[in-house]
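Structure first, then comments.
The values are calculated or read from the model by the stated rules, or taken from the named source; none is laboratory data. Computed from a prediction, not measured in an experiment: that's the story for all the values here. Quick reminder, even Gly has a Cβ in these numbers, built from the backbone with ideal geometry, and neighbours come from all protein chains shown.
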Amino acid sequence: MRDAAPVSTPPRVLPPNDPRQYDDLAGEWWRPGGAFAMLHWLARARAALVPPASEPDDLLVDLGCGAGLLAPHLAGKGYRHVGVDLTRSALDQAAEHGVTVVQGDATAVPLPDGCAAVVSAGELLEHVPDWRRAVAEACRLLRPGGLLVLDTLNDTLLARLVAVELGERLPTVPRGIHDPRLFVDARALVAECARHGVALRLRGIRPELGGTLTWLLRRLSGADRPVRTEPRIVPTWSTAVLYQGRGHRSG
Ligand SMILES: C[S@@+](CC[C@H](N)C(=O)[O-])C[C@H]1O[C@@H](n2cnc3c(N)ncnc32)[C@H](O)[C@@H]1O
C-alpha cells in the first residue's frame, strides 16, 4: 500500500467576530508587520492619553487587553497594568510583557468597584455583543476622578466601508475580525458613559496617510522585514469611522 500524501489543514473559517479567531492569529500579535500591526499604532495613541500615575502602584485595568500591546507604551508611567481578556492565548503573551492577567469577560469583570485609576478599552467595544454592559463595567471599576480611555469604530456606513470592506482587504486588519452590526454609535456611547458618571469627550482619529501608504507599499510588495517607522495615529475632524474617547468619572 502506498503512503498517504500528507494532508495540510486549511485554515478554519469562523463567523465574523468569533473570539476563536484570536487563537488562530496568536502568532500575529507581536510579529513585526503582522496582521495586528494597526493595533500597535492605536495602542501608542491610546497610551498618550494616559498621564503618569498619581500614586505608586495605581491600577490601570486594560479591558480586552489582547496580548498586552499597550504595555510598552505605559512603561515608566508608574501603573500596575492589569489586563482582562477572554482569550487565553493572548493573555499568556500579555503576561510575558509584564501584564497581570485575568481571564474574564469585559461585561462581568471579577475586580472590585472603584479599584482603578485608569480603565482602558482599546478596540474592544466593537467586538462585544452588549457593549453597554462593558461600558457599565468600565465605569464601575473606576475610582472617583478616575480616567476612562477608549477607541472604537462608529456605527456608520462609512465605518463599514473603510474598516471592513476596505480595511479587511489590506494587511493591517485580519479578515472577518469585525462584525459591523456591533459597531458603536458615538452619541449613544457618550450618553451611556454619562449615565454611569463619566463625561466622555470624543475625537476622530486615523492613521496618517503618508506613513501608512509607505507601510502598505512595503508590505504589499512582499517585503516582510519590519518597517522601521510605524505610521502615527492622528486626530481627524470626523468621528464617523474610528474615534477615541477620554473622560473622568465624577468624584
Ligand atoms: C481587536 S482586539 C484588541 C486588543 C487590545 N485591546 C489591543 O488594542 O491591542 C480585541 C480583544 O478583545 C477581546 N475580547 C473580545 N470580546 C471580549 C469580551 N467580551 N471580554 C473580554 N475580552 C474580549 C479579544 O479576545 C481580543 O483580545
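A compact table of results
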| quantity | calculated |
| --- | --- |
| Of all residues in the range 89-99 being touching a strand residue (DSSP E or B) at 6+ places or on another chain (Cβ under 6 Å) and within 13 Å of the ligand (Cβ to nearest atom), the one that is nearest to ARG133 (Cα to Cα) | LEU91 |
| Every pair of residues 6+ apart whose Cβ atoms lie under 7 Å, when the first sits in the range 54-66 and is farther than 25 Å from ALA108 by Cβ while the second is more than 6 Å from the ligand (Cβ to nearest atom) and not in a strand (DSSP E or B) | PRO56/GLY78 |
| Yes/no for ALA121 being within 28 Å of ALA163 (Cα to Cα), assigned to a strand (DSSP E or B), within 9 Å of the ligand (Cβ to nearest atom) and not β-branched (Val, Ile, Thr) | yes |
| Of residues in the range 30-88 being out of contact with any Lys or Arg (no Cβ under 8 Å at 6 or more places or on another chain), closer than 16 Å to GLY146 by Cβ and of a type in the set (Asp, Glu), the one nearest to the ligand (Cβ to nearest atom) | ASP62 |
| The range 174-194: number of residues that are assigned to a helix (DSSP H, G or I), of a type in the set (Lys, Arg) and closer than 20 Å to ASN17 by Cα | 1 |
| Considering residues of the range 42-78 that are in a loop (DSSP other than H, G, I, E, B) and aliphatic (A, V, I, L, M) only, the residue modelled with the lowest pLDDT | ALA75 |
| Some residue of the range 206-224 being among the polar types (S, T, N, Q), assigned to a loop (DSSP other than H, G, I, E, B) and within 18 Å of the chain's Cα centre (by Cα) | no |
| Count - residues of the range 138-173 that are within 25 Å of TRP29 (Cα to Cα), modelled with pLDDT of 95 or more and not in a helix (DSSP H, G or I) | 7 |
